Amino acid sequence: MGSGDADPEAEWTALAGTSAGFEEFEELAGPLIRGGPPPAVGVPAIARAPMVIDTDIGGDPDDTVALVVAARLVPELRLVVTSDEYGGERARFARYLLDLVGRTDVRVVAGSDLGNSRMWVIDGLCPAEVPRQGTDVVGAVSELCAATDGRIRWVGMGPLSNLAMLQEVRPELVSQLVVTQMGGAINYRDPSRAEHNFRVDPGAAIRLLPALEPWLPTFVVSDVTFNPAMEITTDSPLYKRWTQSDARPFERVLREHSDRWMAKYPGTMQHDALTLAAAMLWPGVRFVRERVALDPIARMSRSDDGTEIVMSVSADYAAFMSWLDTALS
């Protein structure tokens, strides 16, 4: 095709995709997007790519909510790896939850154990007969990469320990991953410390961030996710649905997990479900390219000499909660 020939399909795909991720292009792309895609434009390949979820499930119920949504909406979910493990119990709980949702096909592997116990609230919620899961994270990711021709979606919902370990021992595996990670904050609510997922394993975050730059990772930061507009409380319609006498088994687990968490905290903000939505290319999260640096305790700041990432800057919270309600209905 000559340089003067128009390609409507390529133009629509480029502008629509850019607008979905980057706020500054929205006005430019708007009229074209509203007109709809040419007939030949399909779903981006990455939206159908295999998915790995890396989760510290068992503390804040937002991980549990996100895993249920992924199990229900992402047929390409292939592997769940747990981080900040609690003696293998996070992996057992993930296995139990996936089985309740009918996803016995999804493999679960227990990942990094950092020796923490504070963010664990679900003792006894997983039946004793659920077996312990394997621990070979490298082997599981390697098998998935070998069986996949293209890229793989890696959705990080906990500390970056597993991904940092993979980068150290098998960097060629990481180069096949499209990383969407919940974590980091430019203006964290407690300036004396880093955001939780970075703070739990600061060394992993500090080592990994520059190593990921060639593949332009996406970070859904706490500045956007920590918002009461997407908090589930006992007054939320979703929670009330989980308390009904005809609640499904996974909904009863969501209620019990939430009850234990909300005995200590007022609610559960859906950090990880929003990160999952972004990895699924849901268009309600806006991003910019930004250069950032981490200090010795993994606090994030903007820096002209830092690592380039894609960073969330805003979200349509009402639309997200509607999306989440539909996903769980």
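Loop only per DSSP, at most 16 neighbouring Cβ atoms within 10 Å: give me the trypsin sites (Lys or Arg not before Pro) in the stretch 259-303, ordered by residue number. Let's see the in-between values first.
Details: sites: R260, K264, R286, R289, R291, R299, R302; in loops: K264, R299.
Listed in order of number, the matching sites are K264.
Taking the Cβ-Cβ separation of A247 and E168 as r and a Förster radius of 45 Å, what is the calculated FRET efficiency to the nearest 0.05? Each step should come with its number before you reach the end.
On the way: r = 43 Å, r/R0 = 0.97.
According to the calculation, E is roughly 0.55.
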(message) Explain nothing, just compute: Karplus ³J(HN,Hα) = 6.51 cos²θ - 1.76 cosθ + 1.60, θ = phi - 60°, for every residue of the stretch 205-220 in order, whole Hz, x for Gly and Pro.
(response) 4, 5, 6, 7, 3, x, 5, 7, 3, x, 10, 6, x, 9, 10, 9
(request) Among S192, T148, P171, pick out the residue whose Cα is farthest towards the positive end of the charge dipole of the stretch 145-216, where Lys and Arg carry +1 and Asp and Glu carry -1 on C-beta, about the Cα centre. (result) S192
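Where the accessible area of the chain is counted over protein heavy atoms with a 1.4 Å probe, how much of it, in %, is carbon and sulfur? Spell out each step's value before the answer.
On the way: 7300 of 14100 Å².
Using a 1.4 Å probe with all protein chains present, the chain comes out at 52 percent carbon and sulfur.
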(request) Have a look at G139, G59, N227 and report the one farthest towards the positive end of the charge dipole of the chain, computed about the Cα centre with Cβ charges (Lys/Arg +1, Asp/Glu -1). (result) G59
(request) Please grab the % of Cα pairs in the stretch 44-103 that end up more than 20 Å from each other. (result) 21
(message) Can you give me the accessible area per residue for the chain, using a 1.4 Å probe, in Å²?
(response) 43
(request) Evaluate the distance, in nm, between pseudo-label points positioned 7 Å from the Cα of K264 and of R48 along their respective Cα→Cβ axes. (result) 4.3
(request) Evaluate the charge dipole of the chain about its Cα centre and quote only its size in Debye, nearest 20, assuming +1 on the Cβ of each Lys and Arg and -1 on the Cβ of each Asp and Glu. (result) 760
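Please find the FRET efficiency linking K240 to D99, where r is the Cβ-Cβ separation and R0 is fixed at 22 Å, and quote it to the nearest 0.05.
On the way: r = 25 Å, r/R0 = 1.16.
Working from the Cβ atoms, E equals 0.30.
Mind checking the stretch 165-221 for trypsin sites (Lys or Arg not before Pro) that DSSP puts in a loop (not H, G, I, E or B) and that have at most 10 other Cβ atoms within 10 Å?
Values: sites: R189, R193, R199, R207; in loops: R189, R193.
For trypsin sites (Lys or Arg not before Pro) across the stretch 165-221 that sit outside H, G, I, E and B with at most 10 neighbouring Cβ atoms in 10 Å, the list reads R189.
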(request) Select from the stretch 92-122 those trypsin sites (Lys or Arg not before Pro) which occupy a DSSP coil region and have at most 16 other Cβ atoms within 10 Å, ordered by residue number. (result) R118
(request) Give, in nm to one decimal, the length gained when the segment between R291 and D136 is fully stretched (0.36 nm per residue of separation minus the Cα-Cα distance). (result) 52.4 nm
(request) Could you work out how far apart the two model spin labels at S175 and L73 are, taking each label as a point 7 Å from the Cα in the direction of the beta carbon, and quote it in nm? (result) 3.3
(request) Apply the Karplus parameterisation 6.51 cos²θ - 1.76 cosθ + 1.60, with θ equal to phi minus 60°, to every residue of the stretch 45-57 and state each ³J(HN,Hα) to the nearest whole Hz, in sequence, with x for glycine and proline. (result) 4, 5, 5, 10, 6, x, 10, 10, 10, 10, 9, 9, 3
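The values are calculated or read from the model by the stated rules, or taken from the named source; none is laboratory data. Note that the coordinates shown come from a computational prediction; the quantities given were computed from them, not determined experimentally. Methodologically, a virtual Cβ is constructed for each residue, glycine included, from the backbone with ideal geometry; neighbour enumeration extends over all protein chains shown. These accessible areas exclude ligands, DNA and RNA; they are computed on the full protein's heavy atoms, side chains included. Shrake-Rupley method; radii C 1.70, N 1.55, O 1.52, S 1.80 Å.
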